[in-house]
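Heads up: the structure comes next, in structure tokens.
The values are calculated or read from the model by the stated rules, or taken from the named source; none is laboratory data. Model, not experiment: these values are computed from the prediction. For neighbour counting, all protein chains shown are included, and Cβ atoms are generated from backbone atoms with ideal geometry for every residue, glycine included.
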């Protein structure tokens with residue numbers, strides 16, 4: 001095991017005890033590996049939000065001696081620090097910094113950022129930019145005070161994203177001997193351009209970063225990222241693809257690539273996944289029955305579940321490619337008279353009003369039928385055994401009895417509906433302009449009876465208690481067959497990794513950091529487990545056509561092929577375990593210590 005040169009490691013992120021996005025997963029999933037290297041000298045640092053109930057996230061404790069004096073001095077400056085346990089696996093030590101009283105110094109802070117680093121933040125908004133910069137500057141002041149009590153100890157501070165960059169910039173402006181690592185997980189300019197349909201990778205050499213940053217009103221964030229990348233002892237990104245854009249935008253190449261990993265020991269084994277898949281599939285089948293069967297029926301044993309999940313970034317997350325490919329797949333399967341049904345979910349939160357009343361009514365009627373049959377199970381079992389041994393005709397009336405059969409037939413009649421099942425589970429705001437629903441319509445995906453591909457926009461977080469599938473996110477993945485993540489802009493991409501860790505095949509792209517990573521590790525052409533869709537320098541129609549080919553290959557696969565896909569997906573996810581990738585963090589920290597000591 002590589003030995004850490006730093007005595008103390010402070011990991012600084014806006015997402016410590018404050019789950020916002022993927023960085024939360026990055027930090028929490030590698031805690032165990034960091035503790036192996038730094039033990040109790042590893043401390044995460046995040047913002048303190050008293051208005052958010054943090055009792056379930058953080059348990060305050062008495063700070064160790066080397067922090068007490070620093071905290072007292074900081075209190076006099078209007079900076080309150082809270083030491084304790086971050087209530088995640090590993091019970092990680094954390095410091096939460098309350099910057100609210102220090103916010104009065106924001107104008108002075110912005111002035112110093114301009115004078116020292118030419119960061120143009122004169123038009124920035126408080127909650128959008130000023131707030132995280134005030135917080136992270138307070139973190140920098142805190143580290144300065146801590147260093148006074150640890151004069152002979154080597155300290156490394158890693159700042160995740162521009163929101164934590166104020167700490168790094170403050171420490172450098174004051175020449176504090178703390179080694180610094182800056183990590184950008186996605187450049188603000190790259191994400192913005194991709195989200196505005198700019199051909200980012202095709203036109204990268206022609207993009208003027210400064211000009212575009214002003215055009216899209218993100219100049220203060222862009223300037224901060226660039227200053228941090230240039231000023232840090234060590235600059236890192238999470239993937240090769242992000243490193244390419246960062247080199248062009250910032251004029252500095254990453255020193256180290258810090259690939260994102262998973263703590264795979266918290267995921268079930270393949271045998272456990274197989275059992276869970278069967279049990280969870282029953283729950284999703286129940287949902288499909290009350291969602292579709294009031295209108296028409298299809299063979300659930302010949303049905304495959306596809307899904308896309310993530311933030312509602314329609315082009316960045318490849319939602320357009322996914323839906324267009326589903327539309328083309330539907331046409332081809334119908335033309336060939338295929339007996340397969342694909343139910344394709346879009347698990348992407350949006351603004352919802354309520355579950356469609358008709359779906360709730362369908363569920364109520366379905367559960368009434370289900371309860372009636374459940375009460376009869378014992379009697380029906382006895383009748384079935386009797387009928388088989390006495391060689392009688394096994395009819396519905398024989399199994400259920402005439403009175404119960406009539407009652408059930410009435411309930412089934414009440415269960416029937418006219419028309420087509422809805423393409424969205426909820427009534428949503430601005431439905432007429434929703435990109436997902438409009439793309440369904442444009443591709444003729446209307447959930448008609450003769451459609452082989454059925455679509456369901458599920459615009460809420462999967463929390464396990466939504467009155468529909470009642471599955472949480474990981475359970476929903478395990479109940480499915482294929483995760484589809486055809487992203488255009490995806491600096492890393494945890495979703496296909498998580499799917500693989502849960503034994504589910506998936507699709508990623510060569511523009512996703514993880515996609516590029518596994519291209520160097522996977523040689524399987526058949527049953528690759530995680531398919532890598534080529535998107536770079538390809539026109540939309542070709543990308544869609546290639547995804548349709550993946551879908552068709554998966555649909556035609558045998559049961560054994562699907563098992564091999566599951567095994568390979570699990571294997572590829574295991575190859576991105578933190579026990580193999582965490583050493584890159586230590587290498588970055590050691591390099592920062594060496595540079596800081598020169």
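A few remarks follow.
- Single match in 474, 489, 494 (criterion: surrounded by fewer than 24 Cβ atoms within 10 Å (Cβ to Cβ) and touching a residue at least 40 places away in the same chain (Cβ under 8 Å)): 494
- Residue within region 380-388 that is at pLDDT 80 or above, assigned to a helix (DSSP H, G or I), outside the structural domain of residue 285 (by TED's automatic domain parsing) and closer than 30 Å to residue 427 by Cα present: no
- Residue 198, sole failed condition from (1) out of contact with any helix residue (DSSP H, G or I) (no Cβ under 7 Å at 6 or more places or on another chain); (2) touching a residue at least 60 places away in the same chain (Cβ under 8 Å): (2)
- Search result, residues across region 348-363 that are farther than 9 Å from residue 426 by Cα, touching a strand residue (DSSP E or B) at 6+ places or on another chain (Cβ under 7 Å) and surrounded by fewer than 16 Cβ atoms within 10 Å (Cβ to Cβ): 351
- Number of the exception - residue 191 against (1) touching a residue at least 40 places away in the same chain (Cβ under 8 Å); (2) touching a strand residue (DSSP E or B) at 6+ places or on another chain (Cβ under 9 Å); (3) part of a helix (DSSP H, G or I): (2)
- Restricted to region 59-159, the set of helices (runs of 4 or more DSSP H) holding at least 1 residues that are within 30 Å of residue 597 (Cα to Cα), in contact with a strand residue (DSSP E or B) (Cβ under 9 Å, 6 or more places away or on another chain) and in the same structural domain as residue 47 (by TED's automatic domain parsing) comprises 65-76, 131-149.
- Residue in region 287-299 that is modelled with pLDDT of 90 or more, assigned to a helix (DSSP H, G or I) and over 20 Å from residue 457 (Cβ atoms) present: no
- Extreme residue, nearest to residue 357 (Cα to Cα), among residues of region 291-308 that are touching a helix residue (DSSP H, G or I) at 6+ places or on another chain (Cβ under 6 Å) and buried (at least 22 other Cβ atoms within 10 Å of the Cβ): 294
- Residue-level analysis places residue 316 among those that are surrounded by 15 or more Cβ atoms within 10 Å (Cβ to Cβ) and outside any helix (DSSP H, G or I).
- Which listed residue, of 230, 172, is in contact (Cβ under 8 Å) with a residue 24 or more places away in the chain and outside any loop (DSSP other than H, G, I, E, B): 172
- Residues in region 410-462 that are under 24 Å from residue 336 (Cβ atoms), in contact with a strand residue (DSSP E or B) (Cβ under 7 Å, 6 or more places away or on another chain) and outside any helix (DSSP H, G or I): 8 in all.
- Selected residue (criterion: farthest from residue 142 (Cα to Cα)) from residues of region 16-39 that are in contact (Cβ under 8 Å) with a residue 60 or more places away in the chain and in contact with a strand residue (DSSP E or B) (Cβ under 7 Å, 6 or more places away or on another chain): 29
- A residue that is assigned to a helix (DSSP H, G or I), touching a strand residue (DSSP E or B) at 6+ places or on another chain (Cβ under 7 Å), assigned by TED's automatic domain parsing to the domain that holds residue 342 and under 21 Å from residue 546 (Cβ atoms) occurs somewhere in region 500-509.
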